[in-house]
1. Quick test for you: out of Gly85, Gly110, Gly105, pick the one residue that is out of contact with any Gly (no Cβ under 9 Å at 6 or more places or on another chain), away from the ligand (no atom under 13 Å from the Cβ) and under 19 Å from Ile156 (Cα atoms).
2. Can you give me the number of residues within segment 41-56 that are within 13 Å of the ligand (Cβ to nearest atom) and surrounded by 22 or more Cβ atoms within 10 Å (Cβ to Cβ)?
3. Please tell me if Asn12 is in a loop (DSSP other than H, G, I, E, B), surrounded by fewer than 21 Cβ atoms within 10 Å (Cβ to Cβ) and more than 15 Å from the ligand (Cβ to nearest atom).
4. Have a look at Ala249, Ala239 and point out the one that is at pLDDT 95 or above and closer than 16 Å to Trp150 by Cα.
5. If a residue has to be surrounded by 13 or more Cβ atoms within 10 Å (Cβ to Cβ) and closer than 30 Å to Leu252 by Cβ to count, how many in segment 66-91 make the cut?
6. Identify, please: which residue in segment 160-178 is in contact with a Phe, Trp or Tyr (Cβ under 9 Å, 6 or more places away or on another chain) and among the aliphatic types (A, V, I, L, M) and is, among those, nearest to Ser189 (Cα to Cα)?
7. Considering segment 211-223 alone, what residues qualify as being charged (D, E, K, R) and either outside any helix (DSSP H, G or I) or under 30 Å from Gly30 (Cβ atoms) (or both)?
Amino acid sequence: MQTVTSLDPLRNALTALRADGSIALVPTMGALHEGHLALVREARQRARHVVVSIFVNPRQFGVNEDLSRYPRQLERDSELLDAEGVSILWAPTAEVMYPIGYGTGVSVSGISDGLCGTARPGHFDGVSTVVLKLFNQVQPDVALFGEKDWQQLAVIRRMARDLDLTAPHADAIIGVATVREADGLALSSRNAYLAPGQRAQAATLPRAMDAAIAALRAGDEQQAVLAKLSHDLLTGGFASVDYAEVRDAGSLSTSLKGNDNHARLFVAARIGGTRLIDNKPV
Ligand code: PAF
């Protein structure tokens, strides 16, 4: 595996790979866990070479968010990726990504609003901007993202369609199923923030979501189900609930247009200082 940290060496390395076959990109912020490795394994099935980017993108963190304490462990991440057969680790510095005078931002309206877009203003502008830059830098045939960040995946697909991207094409932006711990908690780099007691309580989130989904399937009234879900989280150790909503899985619209087959439950809640998100099909 080659590790590159600036653009010219990246372009040279990519030219050599491209001559040998297709390229998949897995964008990450590092602190890799089994969820990221599932993306890499799926990427290896879909392309000859895998490029993984690690960049903790300052533009997607709000002023009071966890940018400075976000876990950084490049050496360990690099060993994990090497063992997975990754061809290039692309690890630019903030100065390479956003040089002095940088002035361009991408904003995908509509689908970026609501859910995490309401709780984290500007977050998806930062995500869209850096992902478009990563796409342009690597020009992959296919790109893979985790379904845990379902709204992020929807925003990136919308951007690729809206801007007529070809590397990758919107249809080559692949979502990979969420990897979960034995107790159901979705893997996340932010789980590392949880103290042992909080970690045990965090499993309330997938459990309460499963109970809510069972109630919705049984025909219980949605508002009452979501109110009980929030109540379950608060009594189960969560400090607050940012949102608990049922939306259309594709458009993220709140109006399901009578097509409950595509309904999906989205939740974000805080335990101590840590914000956890999850989503599941209804
Ligand atoms: O999901 C993430 O880790 C990040 O939001 C991404 C897609 C790498 C952009 O910084």
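The values are calculated or read from the model by the stated rules, or taken from the named source; none is laboratory data. This is a predicted model, so every value here is computed, not measured. Here the Cβ positions follow ideal geometry from the backbone for every residue, glycine too, while neighbour counts run over all protein chains shown.
1. Values: Gly85 fails: under 19 Å from Ile156 (Cα atoms); Gly105 fails: out of contact with any Gly (no Cβ under 9 Å at 6 or more places or on another chain).
None of the other options fit; the residue is Gly110.
2. Within segment 41-56, the first condition is being within 13 Å of the ligand (Cβ to nearest atom), and the residues that meet it are 51-56.
So of that shortlist, the ones also surrounded by 22 or more Cβ atoms within 10 Å (Cβ to Cβ) come out as 51-54.
Number satisfying all stated conditions: 4.
3. Values: in a loop (DSSP other than H, G, I, E, B): no; surrounded by fewer than 21 Cβ atoms within 10 Å (Cβ to Cβ): yes; more than 15 Å from the ligand (Cβ to nearest atom): yes.
Criteria not met by Asn12.
4. Details: Ala239 fails: closer than 16 Å to Trp150 by Cα.
Of the residues listed, the single one that is at pLDDT 95 or above and closer than 16 Å to Trp150 by Cα is Ala249.
5. 5
6. The extreme case among them is Val176.
7. Within segment 211-223, the first condition is being charged (D, E, K, R), and the residues that meet it are 217, 220-221.
Listed by number, the residues that qualify are Asp220, Glu221.
Table: residues versus (1) part of a helix (DSSP H, G or I); (2) within 25 Å of Leu37 (Cα to Cα).
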site: Ile174; (1), (2): no, yes
site: Asn191; (1), (2): yes, yes
site: Pro206; (1), (2): yes, yes
site: Val225; (1), (2): yes, no
